[in-house]
1. Can you spot a residue in region 168-177 that is assigned by TED's automatic domain parsing to the domain that holds Thr115 and at pLDDT 80 or above?
2. So Glu123 fits all but one of (1) among the charged types (D, E, K, R); (2) outside any strand (DSSP E or B); (3) modelled with pLDDT of 75 or more; what number is the exception?
3. Filter region 80-119 for residues that are of a type in the set (Lys, Arg) and free of Cβ contacts under 8 Å to residues at least 60 places away in the same chain; which is surrounded by the most Cβ atoms within 10 Å (Cβ to Cβ)?
4. Among the listed residues Thr19, Thr82, identify the single one that is of a type in the set (S, T, N, Q), modelled with pLDDT of 90 or more and in the same structural domain as Ile183 (by TED's automatic domain parsing).
5. For region 80-99, name all the residues that are closer than 16 Å to Ala26 by Cβ and basic (Lys, Arg).
6. When you go through (1) within 19 Å of Asn107 (Cα to Cα); (2) without any contact (Cβ under 8 Å) to a residue 60 or more places away in the chain one by one for Arg60, which number turns out not to apply?
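The values are calculated or read from the model by the stated rules, or taken from the named source; none is laboratory data. Everything quoted here is computed from the prediction, not taken from an experiment. Virtual Cβ from ideal backbone geometry, glycine too; neighbours counted across all protein chains shown.
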Amino acid sequence: MDIKICCILLHYRQQDCLTSDVLGPARAECFTHLGNKTIQEGDIIDPPSNAASVSMENLRVKRVIVSDKEPNPFKNGFWDITLKYVFVYKLIFRESDGTIIGKVHANSIFTKKVTLFGSIGTEISISTDLFNQNGSGCSELNSDPFVLIESKAVALGAELRFLNRQCCCGDEALEPTEVGITIGLFTIIKLFRLVNLSVLSRGFCIPKECENISPLNPCEFFDSLDFPMDIFAPPQKREFLAGISGNIPNTTENNNNSCNNGCGCNNSCGCGSCGSCNLR
């Protein structure tokens with residue numbers, strides 16, 4: 001096949017920004033009741049007075065909003081990007097004996113600002129129907145670089161924050177007033193433009209014919225596994241640090257009818273017979 005020089009359109013990644021950030025506190029994702037308290041959407045969550053602990057589960061990044069994108073006034077070709085990460089999760093409040101008091105859907109918003117190279121724009125009009133979902137016409141785009149964000153959130157912890165309050169008898173009592181949230185954020189931020197590149201091409205990609213894959217026999221799959229000797233005889237420190245495994249490879253020599261196996265059928269390892277050295 002002849003090699004031709006073709007012009008293609010692609011997304012060119014200008015620069016990546018990899019960061020890890022932490023944030024708090026917790027707000028209500030929606031209107032809800034918690035014990036005898038009513039919490040409005042967006043309010044800081046007021047924990048139950050008898051709550052002794054709180055935990056967080058089902059954390060995820062709900063969406064990332066590009067709230068601002070402007071050319072940097074001091075560095076030509078660079079852009080100031082402001083992003084809002086919206087995290088949603090569930091808080092579970094418990095009494096001192098572990099009894100669940102209630103569960104609340106909560107959220108936290110984290111604002112991040114970065115400066116990335118995106119080259120300079122020109123006063124041109126860009127129209128495309130690529131991003132038009134309703135078929136009503138072309139979408140109008142400006143000449144700014146596009147922003148692409150990938151993110152992964154990790155739940156690091158949730159804790160009750162207490163405040164000393166005076167009782168009617170003059171004594172002080174600790175009462176939970178809010179929930180402190182710690183979230184680890186891994187994010188990659190990219191600026192890219194639609195550009196034309198000249199590349200070598202071998203023509204169109206022709207898909208291969210699909211192969212019929214027969215269902216896997218679970219017994220055959222199990223019989224193909226190595227015997228997990230490490231489970232029964234954990235490696236010692238030297239072997240463990242060196243990454244040496246004591247598992248017996250599944251070969252024709254290591255079957256129930258052969259005496260040539262790793263444990264030695266003269267039974268220095270305690271095998272009862274040749275046939276029992278490699279049982280599955």
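1. First, pick out the residues of region 168-177 that are assigned by TED's automatic domain parsing to the domain that holds Thr115: 168-177.
Those still in the list that are at pLDDT 80 or above too: 176-177.
Yes.
2. (3)
3. To start, the set of residues in region 80-119 that are of a type in the set (Lys, Arg) comprises 84, 90, 94, 103, 112-113.
Then keep just the ones that are free of Cβ contacts under 8 Å to residues at least 60 places away in the same chain; that gives 84, 90, 94, 103, 113.
Details: Lys84: 14, Lys90: 14, Arg94: 17, Lys103: 14, Lys113: 10.
Going through the qualifying residues, I end up with Arg94.
4. Working: Thr19 fails: modelled with pLDDT of 90 or more.
Sole residue among the options that is of a type in the set (S, T, N, Q), modelled with pLDDT of 90 or more and in the same structural domain as Ile183 (by TED's automatic domain parsing): Thr82.
5. If the condition is that a residue be closer than 16 Å to Ala26 by Cβ and basic (Lys, Arg), then Lys90, Arg94 are the ones that fit.
6. (2)
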